[in-house]
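The values are calculated or read from the model by the stated rules, or taken from the named source; none is laboratory data. This one's a predicted model, so the numbers in the text were calculated from it and none came from an experiment. Cβ sites come from the backbone with ideal geometry, for glycine too, and all protein chains shown count toward neighbours. Heavy atoms of the whole protein, side chains included, go into the accessibility calculation; ligands, DNA and RNA do not. Shrake-Rupley method; radii C 1.70, N 1.55, O 1.52, S 1.80 Å.
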Amino acid sequence: MKLMPPRAVGLFEDETILRLLPEIRRAWSLHGQQARIPITGQNAKCVLFGTLNPRTGHRIVARAPNMKQRYFQRFLRLLRQSYPGRQIWLVLDKASCHTTPKTQALAKSLDIILIWLPRQWSELNGMDQLWKELKANISANLQYRTIEQHADFAQRWLFSLSNTEALRKASVLSQDFWLRSFVQ
């Protein structure tokens, strides 16, 4: 296995879809009564692309209307600007926007090495764990007025975490973390 050069940075990348229509996960009501959750009837959506540095807890997030390859490619360019002069090792899943030939060519030209996670193993991706926490605590059962308001709140929540909190919520600080020797 190729070892990451000393000046390179390793990042977890994942995206999440935010919907205006809330997920019904933590509603409650009195026994025998229907829970009431007011909704607008609209279901706008947006996507947040994000990375987590498992050594430092640093996060980068960008918003897009969907997961098309052009928005992921724009995110790759943002990563290159954020880590100038350093090779980037990006751990990610095989979403279609990640695997297109144009995306892979762009990543190579930007000196970004794509490291593929096995299918159906999202728990290995620290950024995915942050998205799960966000959706459980910020997005579930809450109707925002607009999708922009929802995305703003989600991004503020993510950046309000200290680096240590982000690493803890992402399970990176667990004794059983699969890349523990890498992050120490």
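Every condition in (1) outside any loop (DSSP other than H, G, I, E, B); (2) in contact (Cβ under 8 Å) with a residue 24 or more places away in the chain holds for residue 94 except the one numbered (1). Close Cβ contacts (under 6 Å, 6 or more residues apart or on different chains) running from residues in the stretch 154-174 that are within 17 Å of residue 53 (Cβ to Cβ) to residues that are surrounded by 15 or more Cβ atoms within 10 Å (Cβ to Cβ) and polar (S, T, N, Q) comprise 170/129; 171/129. Output yes when any residue across the stretch 134-151 is more than 25 Å from residue 20 (Cα to Cα), surrounded by fewer than 18 Cβ atoms within 10 Å (Cβ to Cβ) and touching a strand residue (DSSP E or B) at 6+ places or on another chain (Cβ under 9 Å), and no when none is. No, because not a single residue in the stretch 134-151 is more than 25 Å from residue 20 (Cα to Cα), surrounded by fewer than 18 Cβ atoms within 10 Å (Cβ to Cβ) and touching a strand residue (DSSP E or B) at 6+ places or on another chain (Cβ under 9 Å).
Each row is one residue, and each column tells you yes or no for (1) under 15 Å from residue 150 (Cα atoms); (2) modelled with pLDDT of 95 or more; (3) not small (Gly, Ala, Ser).
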site	(1), (2), (3)
37	no, no, yes
47	yes, yes, yes
51	no, yes, yes
55	no, no, yes
64	yes, yes, no
67	no, no, yes
80	no, yes, yes
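In the stretch 124-165, the qualifying residues are those that are within 15 Å of the chain's Cα centre (by Cα) and not in a helix (DSSP H, G or I), and the one that is modelled with the lowest pLDDT is 125. Scanning the stretch 108-123 for residues that are more than 11 Å from residue 76 (Cβ to Cβ) and assigned to a strand (DSSP E or B) yields 113, 115, 116. The residue that is modelled with the highest pLDDT, counting only those in the stretch 1-26 that are within 21 Å of residue 147 (Cα to Cα) and open to solvent by 40 Å² or more (accessible area, probe 1.4 Å), is 17.
Considered as a group, the residues in the stretch 166-180 that are assigned to a helix (DSSP H, G or I) and either surrounded by fewer than 13 Cβ atoms within 10 Å (Cβ to Cβ) or of a type in the set (A, V, I, L, M) (or both) include one that is modelled with the highest pLDDT, and that residue is 166. Consider the stretch 84-121 and keep the residues that are open to solvent by 70 Å² or more (accessible area, probe 1.4 Å) and hydrophobic (A, V, I, L, M, F, W, C). The one that is modelled with the lowest pLDDT is 121.
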